[in-house]
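The values are calculated or read from the model by the stated rules, or taken from the named source; none is laboratory data. Owing to the predicted nature of the structure, the values given are computational and were not obtained by experimental measurement. Please note: Cβ atoms are built from the backbone with ideal geometry, for glycine as well, and neighbour counts cover all protein chains shown. All accessible areas refer to the heavy atoms of the entire protein, side chains included, with ligands and DNA or RNA removed. Shrake-Rupley method; radii C 1.70, N 1.55, O 1.52, S 1.80 Å.
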Amino acid sequence: MSSPLLQPRPVWSIRLILIGLLAITASLPMAWISLAKVLLFVSSGVYLIAGHYNKRADTAFDRLWTAPVVLAILIAFSLSLLWTDASLETGLLAFVKHGKLLEILLLVSLIRTVHEARIGMTAFAIGQIFLLLSSWLLVMGIPLPWVTAHGMGSEYVVFSSYLDQSIIFATTAAIFWHLRSEHLWRRWLGGLLAAAALINVLLLLEARTGYAVALTILSLSVMWAMPKRLRFAALISTPILVLFALYLGSPQVHDRLSKIIHESQTYATQDEIDNAR
């Protein structure tokens, strides 16, 4: 007969399943993501209430800067409603969208240990590998029955939109790269997946916001890999060199960067005209 201390606790098992499920749904269609958000709010709410009722010590929020930073951002957004030129309905809608930052705090309440965080990151990585492979299969001309994205710029998009996919691939590239030291896979595989995600963003997808995220991540990765005396120079030079290389080597990137410059100039000119009236 096994000792009770060796038997898994039901709440522990359910929470681990929730962590893995929530992590993997980030790579699925929007309907799954919406369901996962509801599940996150309900499950974390129940867990926090149960912890308060059982007087369970919770030091996660005390040890991390995440909680006060997120709350400060939400307070700033709420105060901006007092002077915004937008209508109250539009302002409240924007505030609700930014209020999704609370999901970060709810995840902190569920993930209790480094081991549980690794489980969540592994589940997220598995989902992103599926999404990344699906996108590259589309590049090869292989039709996939689970693709739901349609419309302009969605040729290599699996779910959602090219904007969403470009941002999440750029972010995932950094995760793939930094998880090389966590022994989840061989180091060369993490580097290969990171490169595949960045190439997908920079050369295949059309979202210019994804470009900005990818360049920021590249710059920070190079900066932290450099000695302290060279970090500032690396942070400044990396995006310039990458953009220059892409501008010269890829007609597609050349066209998109030209559009960015043109749209920025047009916006600035229009702003000057509006201010002069």
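Taking the square roots of 5 times each eigenvalue of the Cα gyration tensor of the stretch 119-235, largest first, gives ellipsoid semi-axes of 26, 18, 10 Å.
The simple Förster model, with R0 at 22 Å and r as the Cβ-Cβ distance, assigns L48 and S80 a FRET efficiency of 0.20.
Take the alpha carbon atoms of the stretch 149-180, find their center, do the same for the stretch 212-246, and report the distance between the two centers in whole angstrom. Using only Cα atoms to place each centre, the spacing works out to 21 Å. Overall size of the stretch 174-227 from C-alpha positions, given as principal axis extents largest first: 33, 25, 12 Å.
For the stretch 142-242, the share of accessible area belonging to carbon and sulfur comes to 70 percent (1.4 Å probe, ligands and nucleic acids excluded). Our coupling estimate for the stretch 91-105, obtained by passing each phi through the Karplus curve with A = 6.51, B = -1.76, C = 1.60 and θ = phi - 60°, is x, 5, 5, 5, 5, 4, 5, 6, x, 5, 4, 4, 4, 4, 5 Hz, Gly and Pro reported as x.
Each of R63 and T209 was given a label point 7 Å from its Cα along the Cα-to-Cβ line. The distance between the two points is 3.4 nm. Computed from backbone phi with θ = phi - 60° and the Karplus coefficients 6.51, -1.76 and 1.60, the 3J(HN,Hα) list for the stretch 161-170 is 9, 5, 5, 4, 5, 5, 5, 6, 5, 5 Hz; x is used for glycine and proline.
Here the convex hull built on the C-alpha positions of the stretch 62-171 has a volume of 148 cubic angstrom per residue.
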